[in-house]
Amino acid sequence: GTKQFITNAGFADVFIVYAKVDGEHFTAFIVERTAPGLSTGPEEKKMGIKGSSTRPLILEDVKVPANNVLGEIGRGHIIAFNILNIGRYKLAAGCVGTSKWALELSLEYGKQRKQFGKTLVEFPLVSGMLADMAVRTYAAESMVYRTCGCFDHAMGELDKQAPDYSRQAAQAIAEYAIECSINKVFATEALDQTADEGVQIHGGYGYIQEYMIERIYRDSRINRIFEGTNEINRLLIPGTLLRRALKGELPLIEAAESLQQELIAYMPPIISENEDLEQEKEMIRSAKKIFLMVGGSAVQKYQLELEQQQEVLKCLADIIISIYAMESAWLRAKKTAASARAAGSAALQKQYATVIVHEHMGQIEQKAKLALAAMDEGDEMQIKMSLLRKLTRFPAANLIKLKREIASQLIGAGAYKA
């Protein structure tokens, strides 16, 4: 058979391919380039990532030795899924690095370019764009660090000498499949927005190949397609959660049912003003309640046919992604504030976390309204909308002021900082 769009096919010496043994057992194989019958098609001419070879892989009666089976016969899906999981995670980490690069290029250009007697970075709309680029990068970076910590902890508890270590490692990675998808969707879209704003700050020069931001803009577009499109990943995130709940692996349904009773008498929390980011902590708690309310309503209404309601699943996925971004940024900022060695970073990270939590809370409210309006009508919808208003009733933060302060520090540093 053939496989389209194989990365590095032009010069790879080893390929990992999949086939069914006896027409039934899905299995991974190691195939070497020198194998008779293996060839590649012509090089694809791509929009971006021109430094990467992309060709179709062609296999015609290729004979593969039995000891070239990778893993176990019939368990190729485990390898395939974990390659996807790790690939999604690594892609997110790469997007964080490129986001920092795009921000640095934009800062450098914005500090040199003058209009109307001022440098571009002196204009509030431009400095606001720079702050947005940094805020998104901080959120994505926090999510990547957090997920890496989860991997590290899970793998650290395994016995590397155990005969089934490889299987245990695969299971440990699979536990964080949802987080990998979350990282992938958020970081790839954050980079796309950052690259786009970088081109905008460069103006006409951003459209010229001589400037690196033009290449970053073209190269970033593939990331939302790589490793499963963002649309597929958005369906996987709530779908995987719900499957685990139906198997009894997560008490999601029970939590949603318990929340229904709690929300009847729900009152907005009293927030202490003596603790940094205390309001943001309560907002994250409310965001989780919103997910349970919307997710519980979806399960009750659609049950096993929920997978057909892709618009609702997308809303649920976006709520989960926002919660993970909010909480990751909040946890990191709190940890930094508690560290004497990172005292110089605490104030800036608090600003980042505040902006992230408040902006994403608004997005969560919008997605929840969209989903609830699709599922309910009449009095039932009005009751849930009323509960949603209660759960989102928090004092507003002065985000314009915060972003000006963030931009000032970025301009002074000439690069991303956290």
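The GluC sites (Glu not before Pro) of the range 207-238 that DSSP puts in a loop, and whose beta carbon has at most 16 other beta carbons within 10 Å, are GLU210. Rounded to the nearest Hz, the phi-derived 3J(HN,Hα) couplings of the range 284-298 under the Karplus curve 6.51 cos²θ - 1.76 cosθ + 1.60 (θ = phi - 60°) are 5, 4, 5, 4, 5, 5, 4, 4, 5, 5, 5, x, x, 4, 5, where x marks glycine and proline. Computed on protein heavy atoms with a 1.4 Å probe, the accessible areas place TRP330, TRP101 in the order TRP101, TRP330, largest first. For the range 207-213, putting each phi into the Karplus relation 6.51 cos²θ - 1.76 cosθ + 1.60 with θ = phi - 60° gives couplings of 9, 9, 5, 4, 9, 4, 4 Hz, in residue order, rounded to whole numbers and with x for Gly and Pro.
If you keep only loop residues by DSSP, which trypsin sites (Lys or Arg not before Pro) in the range 139-209 have at most 15 other Cβ atoms within 10 Å of their Cβ? Answer in residue order: LYS160. In this structure the chain gives 53 Å² per residue of accessible area when probed at 1.4 Å with all protein chains present. Rg/Rh for the range 5-62 (Cα atoms only, Rh after Kirkwood) is 1.03.
Can you tell me the dipole magnitude for the range 254-321 around its Cα centre, using point charges on the Cβ only (Lys, Arg +1; Asp, Glu -1), in Debye to the nearest 20? Don't jump to the answer; show the numbers that get you there.
On the way: 6 positive and 13 negative charges, 51 e Å.
That gives a dipole near 240 debye.
Between ALA265 and HIS25, the modelled label-to-label distance comes to 6.0 nm, taking each label 7 Å out from Cα in the direction of the beta carbon. Among the listed pairs LYS335/LYS369; LYS367/LYS417; LYS3/LYS50, those with a Cα-Cα distance over 26 Å are LYS335/LYS369; LYS367/LYS417.
Computed with every protein chain present, the accessible area of ARG285 is close to 120 Å² [probe 1.4 Å].
Taken one residue at a time, the phi angles of the range 59-69 give Karplus couplings (6.51, -1.76, 1.60, θ = phi - 60°) of 10, 10, 6, 6, 8, 10, x, 4, 6, 8, 5 Hz. Gly and Pro are set to x. Computed with a 1.4 Å probe on the full set of protein chains, the accessible area for TYR302 sits at about 40 Å². Near the amide H of LEU70, within less than 5 Å, lie the amide hydrogens of ALA28, PHE29, ILE30, all on another chain or at least 5 residues away, with H placed in the peptide plane.
Please report the base-10 log of the normalised intensity I(q)/I(0) for the range 216-260, using a Debye sum with one equal scatterer per alpha carbon and no solvent, at each q in 0.13, 0.20, 0.26 (1/Å). Each listed q corresponds, in turn, to -0.47, -0.69, -0.88.
Rounded to the nearest 20, the size of the Cβ-charge dipole of the chain about its Cα centre is 1040 debye, with Lys and Arg at +1 and Asp and Glu at -1.
Annotation: ARG389 carries an accessible surface of approximately 120 Å², with a 1.4 Å probe and no ligand, DNA or RNA atoms counted.
The magnitude of the dipole of the range 327-418, with charges of +1 and -1 set on the Cβ of Lys/Arg and Asp/Glu and taken from the Cα centre, is near 640 debye. Sorted largest first by accessible area at a 1.4 angstrom probe radius, with every protein chain in place, the residues ILE264, ILE16 fall in the order ILE264, ILE16. Keeping the other protein chains in place, figure out the carbon and sulfur percent of the accessible area of the range 244-318, with a 1.4 Å probe. Exposed carbon and sulfur together represent 48 percent of the surface.
Highest mobility in the GNM of the chain, judged by mean-square fluctuation with C-alpha springs under 10 Å and restricted to ASN82, ASN67, ASN230, is found for ASN67. Which of ALA373, ALA329, ALA131 ends up with the largest GNM mean-square fluctuation for the chain, with Cα atoms connected below 10 Å? The residue that fluctuates most here is ALA373. Highest GNM mean-square fluctuation among VAL31, VAL17, VAL64, for the chain modelled with Cα contacts below 10 Å: VAL64. If you sort MET267, MET283, MET381 by accessible surface, 1.4 Å probe, largest first, the order is MET267, MET381, MET283. Which entry in (i) 1.11; (ii) 1.02; (iii) 0.97 is this structure's computed Cα Rg over 2.2 N^0.38 Å? Entry (i).
Note on ASP152 and GLU175: with the Förster distance fixed at 22 Å, the Cβ-Cβ geometry gives a FRET efficiency of about 0.95.
The values are calculated or read from the model by the stated rules, or taken from the named source; none is laboratory data. All figures in this text were calculated on a predicted structure; none of them were measured in a lab. Note that each Cβ is placed from the backbone with ideal geometry, even for glycine, and that neighbours are counted across all protein chains shown. The accessibility values were calculated without ligands, DNA or RNA, using every heavy atom of the protein model including side chains. Shrake-Rupley method; radii C 1.70, N 1.55, O 1.52, S 1.80 Å.
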